[in-house]
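Quick note: the coordinates plus some simple rules give every number you see, no bench work behind them. If you're wondering where the values come from, they're calculated on a predicted model, not measured in any experiment. Every residue, glycine as well, gets a Cβ built from its backbone with ideal geometry; the counts of neighbours run over all protein chains shown.
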Amino acid sequence: MPLRLILVRHGLSSFNLENRVQGRNDLSSLTEQGIEQASKAGDALKEISINSVYSSPLQRAANTTKQILSKFDKPIEPIFDNDLLEVDLGQWSGLTIEEIKTSFPEEYKIWKKEPDLLRLKRNNGIEFSPIKDLIDQAKRFLEKLALKHPPNKNQTILVIGHNAILRCIILQMLENPSKGFRRIKLDNASISIINIQSEISNSYKLQIESLNNTSHLDLAFTPKVNKPRVLLVRHGETNWNKEGRFQGQIDIPLNENGKLQARKAANFLQHIPIDKAFSSSMSRPTETAKIILENHKVIEIRKEVDLIEIGHGLWEGKLEEEIKKQWPNLLESWNTSPERVQMPEGENIQQVWDRSVDCWKKICSNLSSSETVLIVAHDAVNKTILCHLLGLNPSNIWSVKQGNGGISVIDISQSPDEPNIVACLNITTHLGSILDVTAKGAL
C-alpha cells in the first residue's frame, strides 16, 4: 500500500450557514449540524488504521478533528499545523457574499472565474495574491509531510482542514492544472482519499481514489445546482477484472458480483432523477446501465461506440505476467508513461482520449440545466474523460481511480469562461466501504 492521505473538510460552520466568507479568521464555529457531520465522518473512518492526524488550528477544523477522533478506539494526538489554515481573504473575511459583490464587484468576478489572478489589499494597503500564497502554503505542508511520512512507509494520514487549502493540496500534487481551483469542490465533512506512490523533486505519482465523498452524511452526493449533471459510472466486475486479464474490446459480460455491484449502484441512485442514459456499446456497461435504470422511469439507453474500452490488441485476454514475458519494456512503459505506448495491433491512449472526449462533448452539448444524465463506460474511457475535466493530459490517466460500479458526478458549465466541475469522483461506498475495495485487475 502507498502513503494514503485522507482529506476531510470541517463540518458546517456558522459562517457557512450565513453565507459569509470566513477565510483565516477564527470567528466561525461548528453548528449543531456541523458537529453531527463530523461525528458521521468519524463513524465512516473509525475502522481504518490511522498513523497520524494533522489539523488546522482554527476552531471549526479543530472541533471537527475532536469529533472524528472521539469515534476511534485508539487515542491519537492531533498535530495542529498553521500550514493548514484557510485561505487569507483579507478584508473579505466576515462579509457575506452579497456584501462582497456590492463592495468588490470586479474582484469578485475574478474570484469566480480566475481565482489565481485575484489580488486583494490588506489593511496596511499591501497587495497580496490569496490563491498563489495558498498554493505555496500547500507546497510547504506537503514537503513537511514527505519528510515525516515517506511513501515507502505505507502509512495512512488523516488531514482535517478547509475548503480552499485542501483543494490547493490536491492541485499541488496534480502539478496545478489550468483553472484547477474551479474544477473541483469539497463539501462540508466530505472525505477525499489520495494514494501517493512516490515523491521526486516535487513531482508526485499519485492516484485520486475518491474525491468529495459525502455518502456518509446520508447524501448520495453533493446537491444538484442549476446546471446539467452527469453521473459517470464504470461497469460492474467481470471475471477477467477479477483475474487481472486485459479485456479491452473483447466483450466479456458481467459476473455475478458485477451484477450485484450494479444493483447496489441502482439502490444508491434510486432517488436521483435520471432523464437520459448513454452507454458504451459493449455488453458489460450496457447491462450495468440497464440494472441501474430498473429503479427509474423507462429511458432508452443510447449506445455509443466511441465509449468502448481501449483496444489492447495482442494483449487482450492475457494476464500481466504473460505480457511481461513477451513485451517487458512496453508493459513497464504502460505502467509509468502510458501516453508513450502504442498497443501492439491496438490503440494508444491519445486515440482513446480523442474519441472519448469528443463523445463526452457531444453528449453534454445539448443538455438543459434541469437534466441529469447517466453515462456508463469503462476504466480507461472514464479516466480519460475525468483527466480532461481536471485539466490533466493523457500522461495522467493513472492519477484517477475507477472502481467497478464506482460513480463520479460532473456538473456541466453553461459558460465558456468556466470549467465543468468534478463534484465527486469514484464513490464506491455503496459497495461496502469508504475505501475502494473493488477488483484491482487490468483494464
Exercise for the section: Work out the charge dipole of the chain with +1 on the Cβ of Lys and Arg and -1 on the Cβ of Asp and Glu about the Cα centre, then indicate which of 102, 151, 214 is farthest towards its positive end. Expected result: 102
Exercise for the section: Throw me the Rg/Rh for region 330-426, computed over C-alpha atoms with Kirkwood Rh, two decimals. Expected result: 0.99
Exercise for the section: Under 13 Å from the Cβ of residue 236, count the other residues' Cβ atoms, weight Lys and Arg +1, Asp and Glu -1, and hand me the total. Expected result: +3
Problem - For region 220-431, convex hull volume per residue from C-alpha positions, Å³ - result: 108 Å³
Fill in the blank from the handout: Relative contact order of region 202-267 (C-alpha contacts under 8 Å, at least 6 apart) in percent is 25 percent
Handout entry: Distance from region 231-280 to region 173-195 (C-alpha centre basis), Å
Key = 26 Å
Problem - Share antiparallel - DSSP beta bridges, region 220-431, percent rounded to 5 - result: 45 percent
Handout entry: For the chain, with +1 on Lys and Arg beta carbons and -1 on Asp and Glu, the positive-most of 353, 330, 405 along the dipole
Key = 405
Fill in the blank from the handout: Summed over the other residues with a beta carbon less than 10 angstrom from that of residue 272, with K and R at +1 and D and E at -1, the charge totals +2
Completion exercise
Rounded to the nearest 0.05, FRET efficiency between residue 329 and residue 46 (Cβ-Cβ, R0 35 Å) equals 0.20
Exercise for the section: Determine the percent antiparallel among the DSSP beta bridges restricted to the chain, to the nearest 5. Expected result: 55 percent
Exercise for the section: Would you mind listing how long region 3-216 runs along its three principal axes, going by Cα atoms, in whole Å with the largest first? Expected result: 48, 42, 30
Problem - Estimated 222 nm signal from helices in the chain, with DSSP H stretches of n ≥ 4 weighted -39500 (n - 2.57), rounded to 500 - result: -10000 deg cm²/dmol
Handout entry: Rel. contact order, % - alpha carbon contacts under 8 angstrom, at least six apart, the chain
Key = 18 percent
Handout entry: Charge tally in the Cβ shell below 12 Å around residue 207, where Lys, Arg are +1 and Asp, Glu are -1, residue 207 excluded
Key = +3
Problem - Highest average packing first - 379-387, 365-373, 23-31, Cβ atoms within 10 Å - result: 379-387, 23-31, 365-373
Handout entry: Mean separation of Cα contacts under 8 Å (6+ apart) over length of region 41-184, as relative contact order %
Key = 31 percent
Fill in the blank from the handout: Quick note, the chain: a/c under 1.5 would make it rounded; otherwise a/b > b/c is prolate and the rest oblate (a ≥ b ≥ c, C-alpha gyration tensor); here it is prolate
Completion exercise
Per region 91-170, sqrt(5λ) over the Cα gyration tensor eigenvalues, sorted largest first, in Å, gives 32, 13, 11
Fill in the blank from the handout: Packing-ranked peptide list from 61-69, 11-19, highest mean Cβ count within 10 angstrom first, is 61-69, 11-19
Practice task
Would you mind working out the magnitude of the charge dipole of region 114-211 relative to its Cα centre, with +1 at each Lys and Arg C-beta and -1 at each Asp and Glu C-beta, to the nearest 20 Debye?
Solution key: 120 debye
Handout entry: About the Cα centre, charge dipole magnitude for the chain (Lys/Arg +1, Asp/Glu -1 at Cβ), debye
Key = 260 debye
